[in-house]
Every structure is written in structure tokens, then in C-alpha cells.
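Input: a single structure, listed below in C-alpha cells.
FYI, it's all coordinate maths here, none of it is from the lab. No experiment lies behind these values; they were computed from the predicted model shown. In this analysis, Cβ positions are derived from the backbone assuming ideal geometry, glycine residues included, and neighbour counts consider all displayed protein chains.
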């Protein structure tokens, strides 16, 4: 009985084990799929969940459902004012039509390559209409929006929807940068020399003005000191004259003592005649007039 049951159910179980996994598949919410049969398109699956296909006959081709980002290699372009510029851009895109994408490019890698060519072509055409200053200014957003619009129209036949194009970096080529930097350095040096020259000129003016004021101040001070000295000398002479007039003998005696003090020192020897007026207070102080 068991052998008969196994003989009837066994082939069915073997079929289920071998072929059911080949006919059932899951589409993730981040994916979309194309079902082909011997290379021919059969249907498109965009809804996530469990799906069926013919085992061994039909093939599932999965594609990304989310927004993708392509980072293109930097390339050199020519601007409207005939300047070479190196631009590095990124593109945000999405597979909008899996069937058209499958028929035209087959894989995401090939789709990125084709899209990079389209965006580069649009970017080259648009940059040729603008000057370099426009590319590095606020007009960059307008330029990239125009490029994204043109690239989206051309990529639509590939099943691609271009969401956005952005310029990450826009610089002059290395050899041009070196010449620009050299000109900038020369210009800054010229400006620095001009400022130094102006500073030296102002410093010379300030020094000249200060020297002039110093000379005037010293002259006025000398003039004032001479006036004060003259007034002092006159007052001293007047006081001396008044003192001399009150007691001429005492004044003469005092002046003689001052002369002795200034002239004579310890152990000094002085040879004078006996009747010298200088020694009158030392020889006979009472007889002195």
C-alpha cells in the first residue's frame, strides 16, 4: 500500500521540489522586473510581492526602482568666452520604463554610460552659451536645470527619467590655474608695493611735521628760558647791588673768603707779594679797608 502511495505521489513531490522554486520568485519593494521567454518580452512587474513564472522557460530581469546617482568623471569644456573649464557633475536618475530600458541598454552599467554621454553632450552645449563667471556664480543652478531638462528629453527613449543634474566642481585646467595664480601674485605684489610706497610717503610727512614742531617747541623753550634767565640775572644783580650798598666792607670780606675757598686747597702752596690785596684779610684783617 505504501509503495503504491509513494509511486503515485513521489513524482509529484519531486516535480514540486525541483520546479516550484524555479517558478516562484519575490520582487522587493526596491525592485521592478521584466519577464522574458527565450529572450522575448512577456510582462513587466512593478508591484512588490510573490509572483509566478514558467520554470526553466521564462527569465526574470531585475532593475532598481529607487533613484540612482551617477558620478561622472571630470571632463574639460569650452565656455562662451573661450575659456577651458574642468567640470565634475553628478546625475540623479531613475528607471521609469523598465521595458524601454531593457530593450535599449539592458543593464544599469550600460545605462549609466549612455546617460553620462547624454548629460555631457547637453552640458557641453549649454556651457558654450555662458561665460566662465556665469558658471561659478548663481547662474549655475539655471545652467544645470537647463541641462537636466534637455538630458531628460533625450534619455526618455531609454526608459530613463533624469531627476537632477548638479555641478560638483568647476575649475580651470591645472596649467591655466598656474598662470592665473601667477597673475594674482603679481597683482597682489603690485598693490603691496603701492601701499608700502604710500605708507613711506605718509611716514616721511609725519616725521617732517614732527621735526618741525620739535624745532619750534625747542626754540620757544629756549627763548622762554633766556627770558627767565635774564629776569633772574637782573633780579640777582639788583639784590647783590642792594646788599653791597648796605655794607660794602662785609660784602668785600665775604667775596674774599669765597675766593680763598675756591682757590686754596689742602697742602697747596701759593707765592704772592706781601702787599697783595688778595692776602689783606690773612695778613692784617683789621687794617683792611
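Extending 7 Å from the Cα toward the beta-carbon at both residue 125 and residue 261 defines two label points whose distance is 11.6 nm.
Compared with the alpha-carbon gap, the fully stretched path from residue 211 to residue 26 is longer by 56.9 nm at 0.36 nm per residue. Compared with the direct C-alpha span, the chain from residue 51 to residue 104 gains 16.6 nm at full extension, assuming 0.36 nm per residue. Specify whether the C-alpha gyration tensor of the range 31-159 places it in the rounded, prolate or oblate class, a ≥ b ≥ c being the square roots of the eigenvalues: rounded for a/c under 1.5, otherwise prolate if a/b is larger than b/c and oblate if not. Prolate. Taking a ≥ b ≥ c as the square roots of the eigenvalues of the Cα gyration tensor of the range 88-231, is the shape rounded (a/c under 1.5), prolate (a/b larger than b/c) or oblate? Since a/c reaches 1.5 and a/b is larger than b/c, the shape of the range 88-231 is classed as prolate. Descending by average beta-carbon neighbour count within 10 Å, the peptides 142-155, 27-40 line up as 142-155, 27-40, the highest first. When each of the peptides 132-141, 188-197, 118-127 is scored by the mean number of other C-beta atoms lying within 10 Å of its residues, the order from highest to lowest reads 118-127, 132-141, 188-197. The gain in end-to-end length when the residue 75 to residue 220 segment is fully stretched comes to 44.4 nm, 0.36 nm per residue minus the alpha carbon separation.
Taking a ≥ b ≥ c as the square roots of the eigenvalues of the Cα gyration tensor, the range 18-64 is classed as oblate, since a/c reaches at least 1.5 and a/b does not exceed b/c.
Label-to-label distance, residue 242 versus residue 202, with points set 7 angstrom from Cα along the beta-carbon direction: 5.9 nm. Taken along its three principal axes, the alpha carbon spread of the range 109-148 comes to 34, 16, 13 Å, from the longest extent down to the shortest.
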